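K.L.:
One structure, pasted below without further comment.
The values are calculated or read from the model by the stated rules, or taken from the named source; none is laboratory data. If you're wondering where the values come from, they're calculated on a predicted model, not measured in any experiment. Note that each Cβ is placed from the backbone with ideal geometry, even for glycine, and that neighbours are counted across all protein chains shown. The accessibility values were calculated without ligands, DNA or RNA, using every heavy atom of the protein model including side chains. Shrake-Rupley method; radii C 1.70, N 1.55, O 1.52, S 1.80 Å.
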Amino acid sequence: MKTPDAALEFLYGLQMFGIKLGLENIQTLVDSVGQPQRNYGIVHVAGTNGKGSVCAFLGRIYRQAGYRVGVYTSPHLHRFNERIRVNGQPIDDHDLVALVDELRQKNSEVPATFFEFTTALALLYFARQNVDLVILEVGMGGRLDATNVVAPLVSVITPVSDDHGDYLGGSLAEIAAEKGGIIKPGVPVVIGPQDKAAMAVLSARAKEMAAPCLCFGRDFSVEKTTSGCRVTTGALCWSELQPSLPGRHQYDNLAVALMVVTHLAEQGWQVTQQVVREAVADTRWPGRLEWVGERILLDGAHNASGAHALADYLRGCNVQRIHWVAGFKADKDMEAVVSSLLPFVVQAYCVEPPTEQAYPRENVVVHLQQHGCEASAWDSPTVALEAALQQCGDHDLVVVAGSLFLVAACRDWLISTCNLEEMDEANCDG
C-alpha cells in the first residue's frame, strides 16, 4: 500500500463489517503490535454530549503545559487524519500508510471493523510518537467500545442522554450502564452533570468497581462570573477563566476537564493556573457553536441534548429568527431536535447530509410543515446554504445544524468560497 488514498480505501472498506461491539478484535490487534497503549498515560472519555469539548480542553491544557499529548476523537470533519493528533497536528499521510500496512500484514485474518482498526492504529501511532499522555474519546457506548482495551489513569463520563438506542438500549439507565462500562476497578472516575437515572447507574457501577467517584455538583462545581467562569475542584479554585468555546454548557465541560487536571496533579502531572487560563482561552473545537462572520453559526447538534444547548445559546444571544439549514442521519431523533429549534425558525432548508444513512429530506419538510414552519427540500447542503444566505434578513441568522456530516459539507464550502484561513482543519485541539 503506497498511497494515502489506498490506505483510506482499505480503512473505509472495513465499514462493510458495520458496527460490532466487543473487545476480541481490538485485543488481537493491539497484541500483534506489543500492547502500545501501555506506553503512556491515558484519560478515557465517554458520554453522549460534551466528550469532544472535554477532550479539546484537556488536549490543549496539557500541550500548553509542555507535555507531548495525543488526542483521539471521532468522527472527523474534513479529513480522516483529524481523528489522530499529536500536539494538535493530525497524523501525516506517510505514517498513516505505514501503520495501516503494518497492522494489516500482522492481522490479515482478523475481521476488524473500521473503528476497531482505526483505534488500534491510533494507539500504535501514539506509542511511536513517544507521547506522554493520550486523551482517548470513546466511539460509542463504552463497555464494548474498542477504546475500552486501555487501562487509564482516570475515566471520564460526560452527560449521558438518549442516542444510539439501537445499540446501547432503549432507556437512559441502559445507556448509562453501557457508558459506565469504562469504569475500571480502583480507577478514579470523573462524572459530569447527569440525569438522576443515569447518575444512579454510574454511581452504582463506581461503587461495584471500588472506583473513587468525583461527581459534578458534589466534588466539583462551576459558576458564571462577569468575565467568564470560576471552577472549584475540591480545595482548588480556578478563577478568571474565559473559555473561547461558546455556550453555557461549555462551563460544565470545562469543570469536568479541570477535575481531571486536579486529580492527575496528585499523580505528578503538574499544570499551573496560568497555563490553564491561557489554554482555556485558546481551545478550539470546530463545528460546534462555531461562528463564521456575524451571520452564520455552525453546530453539530444532532440529538435532544445538543439541540437544547443550541437553543439555550440562541436565547442567550437574543437571537429570535433563524434560517435553518437542516439535515440528519437516519438514526437520529429528528423530532427532538426540531422541537428545540422550532421557536426560532423563520424558514428551513432541508437537505440530506453526505452519508449513506441520511434521513429523507422530504420527511423533514413534512414534519416541519405540520408544525407550521415554512420548509423546503434542497439538493445539497451547499445549495441550501447559499439559498439561506440569500433569503436571510439583516437581523436574521443562518444556522447549520442536525448532523456533523452536514456541518462538514457546509464548512468545506465556506472555507473554499470565502478563503477563510482561520477555519483551517489544523485549528483544532481535538
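K.L.:
Among DSSP beta bridges whose residues both lie in the stretch 61-137, state the antiparallel percentage, nearest 5. Don't skip to the end; give the middle numbers.
P.N.:
Working: 5 of 9 bridges.
DSSP beta bridges in the stretch 61-137 are roughly 55 percent antiparallel.
K.L.:
Considering Cα pairs under 8 angstrom that are at least six residues apart, work out the relative contact order of the chain and quote it in whole percent. Walk me through the intermediate numbers first.
P.N.:
On the way: 876 pairs, mean separation 69.7, N = 430.
Normalised by residue count, the contact order of the chain is 16 percent.
K.L.:
Among GLY372, GLN64, ALA204, pick out the residue whose Cα is farthest towards the positive end of the charge dipole of the chain, where Lys and Arg carry +1 and Asp and Glu carry -1 on C-beta, about the Cα centre.
P.N.:
Of the candidates, ALA204 comes out farthest on the positive side.
K.L.:
In percent, what relative contact order does the stretch 120-235 have, based on Cα pairs under 8 Å that are 6 or more apart in sequence? Can you show the working numbers first?
P.N.:
Numbers: 158 pairs, mean separation 23.1, N = 116.
The value is 20 percent.
K.L.:
Between VAL134 and residues 5 or more places away or on another chain, which pairs have amide H atoms under 5 Å apart, with H built 1.01 Å from N, and which residues are they?
P.N.:
GLY41, ILE42, VAL43, GLY70
K.L.:
Sticking with this one: Using label points projected 7 Å from each Cα along Cα→Cβ, tell me how many nm separate HIS395 and LYS2, to one decimal.
P.N.:
Label-label distance for HIS395 and LYS2, simple model: 6.3 nm.
K.L.:
When you count, for each residue, the other Cβ atoms within 10 Å and take the mean per peptide, how do 389-398, 126-135 rank with the highest first? List each step's numbers first, then the result.
P.N.:
Numbers: 389-398: 13.7, 126-135: 21.0.
Going from most to least packed, we get 126-135, 389-398.
K.L.:
Right, here's the next one. Can you work out the FRET efficiency for the pair TRP291 and ALA330, with r the C-beta to C-beta distance and R0 = 35 Å, to the nearest 0.05?
P.N.:
Numbers: r = 29 Å, r/R0 = 0.83.
Once rounded, the FRET efficiency stands at 0.75.
K.L.:
Still on this structure: For the stretch 334-393, what does the accessible surface come to per residue with a 1.4 Å probe? Please give it in Å². It would help to have the intermediate numbers written out before the result.
P.N.:
Values: 2830 Å² over 60 residues.
Here the residues of the stretch 334-393 average 47 Å² of exposed surface.
K.L.:
Within the stretch 299-334, report the trypsin sites (Lys or Arg not before Pro) that DSSP leaves as loop and that have at most 14 other Cβ atoms within 10 Å. Mind dumping the intermediate values first?
P.N.:
Working: sites: ARG315, ARG321, LYS329, LYS332; in loops: ARG321, LYS332.
The qualifying sites are ARG321.
K.L.:
Can you run phi through the Karplus equation (6.51, -1.76, 1.60; θ = phi - 60°) for the stretch 282-294 and list ³J(HN,Hα) in whole Hz, with x for Gly and Pro?
P.N.:
So the Karplus estimates, Gly and Pro as x, are 9, 5, 10, 9, x, x, 10, 6, 9, 7, 10, x, 10 Hz.
K.L.:
If you don't mind, there's one more thing I want to ask. Tell me the per residue accessible area of the stretch 87-192 using a 1.4 Å probe; a whole number in Å² is fine.
P.N.:
Numbers: 3430 Å² over 106 residues.
Accessible area per residue: 32 Å².
K.L.:
Solvent-accessible area per residue for the stretch 1-73 at a 1.4 Å probe radius, Å²? Don't jump to the answer; show the numbers that get you there.
P.N.:
Working: 2960 Å² over 73 residues.
I get 41 Å² per residue for this part.
K.L.:
Check GLN129: other-chain or 5+ apart residues with amide H under 5 Å from its amide H, H built from backbone geometry?
P.N.:
Those lying under 5 Å, H to H, from GLN129: there are none.
K.L.:
So which lysines pass the test for LYS2, namely a Cα distance under 20 Å, with those fewer than 8 places away in the same chain ruled out?
P.N.:
Qualifying lysines at Cα under 20 Å: LYS106.
K.L.:
Which percent of the accessible heavy-atom area of the chain goes to carbon and sulfur, probe 1.4 angstrom?
P.N.:
That share works out to 47 percent.
K.L.:
While we're here: Within the stretch 119-135, find all residues whose amide N lies under 13 Å from a label point positioned 7 Å from the Cα of ARG68 along Cα-to-beta-carbon.
P.N.:
Backbone N within reach: 125-134.
K.L.:
Please figure out what share of the DSSP beta bridges in the stretch 309-430 is antiparallel and state it in percent, rounded to the nearest 5.
P.N.:
Working: 1 of 14 bridges.
Beta bridges within the stretch 309-430, antiparallel portion: roughly 5 percent.
K.L.:
Could I ask something else about it? Explain nothing, just compute: Karplus ³J(HN,Hα) = 6.51 cos²θ - 1.76 cosθ + 1.60, θ = phi - 60°, for every residue of the stretch 25-33 in order, whole Hz, x for Gly and Pro.
P.N.:
Using θ = phi - 60°, the values come out as 5, 5, 5, 5, 4, 6, 4, 5, 10 Hz.
K.L.:
Then there is this: Could you work out the relative contact order of the stretch 250-305, using alpha carbon pairs under 8 angstrom and six or more residues apart, expressed as a whole percent? The partial results should precede the final answer.
P.N.:
Numbers: 21 pairs, mean separation 9.2, N = 56.
Worked out over the stretch 250-305, it gives 16 percent.
K.L.:
Rounded, prolate or oblate: pick one for the stretch 162-312, where a ≥ b ≥ c are the square roots of the eigenvalues of its C-alpha gyration tensor, a/c under 1.5 means rounded, and failing that, prolate if a/b is larger than b/c, else oblate. Write down the numbers at each step before the final one.
P.N.:
Values: a/c = 2.16, a/b = 1.12, b/c = 1.92.
Oblate.
K.L.:
Moving on to the next point. Rounded to the nearest 500, what is the 222 nm mean residue ellipticity of the chain from helices alone, with -39500 (n - 2.57) per DSSP H run of 4+ residues and division by all residues? Show your work: numbers first, answer last.
P.N.:
Working: 15 runs with 171 residues, N = 430.
After summing the helix terms and dividing by residue count, I get -12000 deg cm²/dmol.
K.L.:
For HIS94, tell me the accessible area in Å² from a 1.4 Å probe, rounded to the nearest 10.
P.N.:
Answer for HIS94: close to 140 Å² accessible.
K.L.:
Using alpha-carbon positions, what is the distance between the centroids of the stretch 325-365 and the stretch 93-147, in Å?
P.N.:
If we compute the Cα centre of each part, the gap is 33 Å.
K.L.:
To the nearest 10 Å², what's TRP269's accessible area with a 1.4 Å probe?
P.N.:
About 40 Å², ignoring ligands and nucleic acids.
K.L.:
Quick one: 3J(HN,Hα) in Hz for the stretch 242-253, Karplus 6.51/-1.76/1.60 with θ = phi - 60°, rounded, Gly and Pro as x.
P.N.:
10, x, 7, 6, x, x, 4, 5, 6, 5, 5, 4
K.L.:
Can you compute the FRET efficiency between HIS371 and CYS237 using 1/(1 + (r/R0)^6), with r the Cβ-Cβ distance and R0 = 60 Å? Round to the nearest 0.05. Show your work: numbers first, answer last.
P.N.:
Working: r = 46 Å, r/R0 = 0.76.
The calculated FRET efficiency here is 0.85.
K.L.:
Cut-off under 25 Å on the C-alpha distance; same-chain residues fewer than 8 positions from LYS179 excluded. Which lysines are left, in chain and number order?
P.N.:
The qualifying lysines are LYS20, LYS51, LYS196, LYS207, LYS329, LYS332.
K.L.:
For log10 I(q)/I(0) by the Debye sum over Cα atoms at q = 0.06, 0.07, 0.14 Å⁻¹, several values are listed as (1) -0.24, -0.32, -1.38; (2) -0.28, -0.39, -1.33; (3) -0.37, -0.49, -1.35; flag the one computed from this structure.
P.N.:
Among (1) -0.24, -0.32, -1.38; (2) -0.28, -0.39, -1.33; (3) -0.37, -0.49, -1.35, the one calculated here is (1).
K.L.:
Using 0.36 nm per residue of separation minus the Cα-Cα distance, give me the extension gain between ALA204 and LYS224 in nm, one decimal.
P.N.:
Details: separation 20, 0.36 × 20 = 7.20 nm, distance 3.07 nm.
Gain on stretching ALA204 to LYS224: 4.1 nm.
K.L.:
Return the long-range amide H neighbours of HIS302 (sequence gap of 5 or more, or a different chain), with a cut-off of under 5 Å between placed amide H atoms.
P.N.:
Long-range HN contacts for HIS302: ALA307.
K.L.:
Further, regarding this structure: So how far apart, in nm, are the two label points at ASN363 and GLU9 if each is 7 Å from Cα heading toward Cβ?
P.N.:
My value for the distance between the label points is 3.3 nm.
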